[in-house]
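Below is one structure, written out as structure tokens, with a few remarks after it.
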Amino acid sequence: MLKILILGAHGQIAQLVRARLLTETDAALTLYLRRASRLQDVTAARETVVEGDVNDYATLKAAMAGQDLVLADLGGRFEPMAQNIVRAMEETGVQRLIYITGLGLYHELPAKFDAWLEASIGHDVMEDTRRAAKLIETSPLNYTIIRAGYMTNNDEVDYELTEKGETFKGTTISRKSIADLIVGIVKQPTSHSRSSLGIAKAGTDGDTPVYR
């Protein structure tokens, strides 16, 4: 039985992934979040809830022990959280990480969209995100970084992927699509090993996010 630690388990994508894993796999889930009371309908036979902050290293490391795969769906200052995740995984011998972040890590967007994104998000936030990704990419972990376009709650699974080094295609993506990619990786953990994937809906290219 695959054991999966979901960091930020109350996140919208994390909840979509959680529901599908309970239905489509026999995985045991550890749900890690700052306020456990926000989780509803916990399946006691397969789910363990841990109340903790990723910035609390001792709690994080304890939850990490014995896991097979870690999914991170986090918000906030990313660099210190990435440091803790990488360190805890190395010290507990956990290898597989799926890390959700945003587009623009490598200035891989078309020029006008890249400039708009940098101005919209802010240089400091983007640099924090880039440092976090670099920590993961330079670690010995078997990671998949998912660089998502601007997210929607559209009820659809429709996406195309770009690899690191390719120009990012599209601007927006449904959370269901991101969840679908993650579930596929969980089912085939050797897929997309040590890769950084851009994900967006085909046909949403633009100088700013295009919602359709």
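Brief remarks follow.
- Here the Karplus curve 6.51 cos²θ - 1.76 cosθ + 1.60, taken at θ = phi - 60°, turns the phi angles of region 123-128 into couplings of 4, 5, 5, 4, 5, 4 Hz, with x standing for Gly and Pro.
- Note: relative contact order over the chain, using C-alpha pairs below 8 Å and six or more positions apart, is 19 percent.
- Helix-only CD estimate at 222 nm, as mean residue ellipticity for the chain, using -39500 (n - 2.57) per DSSP H run (n ≥ 4): -11000 deg cm²/dmol
- Under the Debye formula (equal points on every Cα, no solvent term), log10 I(q)/I(0) of region 36-97 at q = 0.14, 0.24 Å⁻¹: -0.42, -1.12
- Cβ-derived FRET efficiency at R0 25 Å, Glu160 paired with Lys112, nearest 0.05: 0.80
- Charge-dipole axis of the chain as Lys and Arg at +1 and Asp and Glu at -1 on Cβ define it, positive-most pick from Ser196, Tyr106, His123: Ser196
- Value of Rg to Rh for region 91-212, rounded to two decimals, is 0.97; Kirkwood radius and Rg both from alpha-carbon coordinates.
- In percent, rounded to a whole number, the relative contact order of region 158-204 is 63, using alpha-carbon pairs under 8 Å and six or more apart.
- Region 85-164 and region 1-20 have their alpha-carbon centroids 18 Å apart.
- Note on Leu22 and Asp207: with the Förster distance fixed at 35 Å, the Cβ-Cβ geometry gives a FRET efficiency of about 0.30.
- Computed over protein heavy atoms with a 1.4 Å probe, the accessible surface of the chain works out to 45 Å² per residue.
- Taking 0.36 nm per residue of sequence separation and removing the Cα-Cα distance, the Asn55/Asn153 pair yields an extension gain of 32.4 nm.
- Karplus-derived 3J(HN,Hα), 6.51/-1.76/1.60, for each residue of region 33-41, Hz, glycine and proline x: 7, 6, 10, 4, 5, 6, 7, 10, 6
- In region 1-87, trypsin sites (Lys or Arg not before Pro) in a DSSP loop with at most 16 other beta-carbon atoms within 10 Å: Arg34, Arg35, Arg46, Arg77
- Region 67-212: antiparallel DSSP beta bridges as a percent of all, rounded to 5: 15
- Taking the protein heavy atoms of region 88-193 in the context of the full set of protein chains, the accessible area attributed to carbon and sulfur is 50 percent at 1.4 Å.
- Taking 14 Å as the cut-off, the amide N atoms of region 44-76 that come nearer than this to a point 7 Å along the Cα-to-beta-carbon line of Arg87 belong to 54-62.
- Take Ser120: with every protein chain present and a 1.4 Å probe, its accessible area is about 60 Å².
- A Cβ-based charge dipole, computed about the Cα centre of the chain with Lys and Arg at +1 and Asp and Glu at -1, lands at about 300 debye.
The values are calculated or read from the model by the stated rules, or taken from the named source; none is laboratory data. For clarity, every value in this text was computed on a predicted model and none was experimentally measured. We place every Cβ from the backbone using ideal geometry, glycine too, and count neighbours over all the protein chains shown. These accessible areas exclude ligands, DNA and RNA; they are computed on the full protein's heavy atoms, side chains included. Shrake-Rupley method; radii C 1.70, N 1.55, O 1.52, S 1.80 Å.
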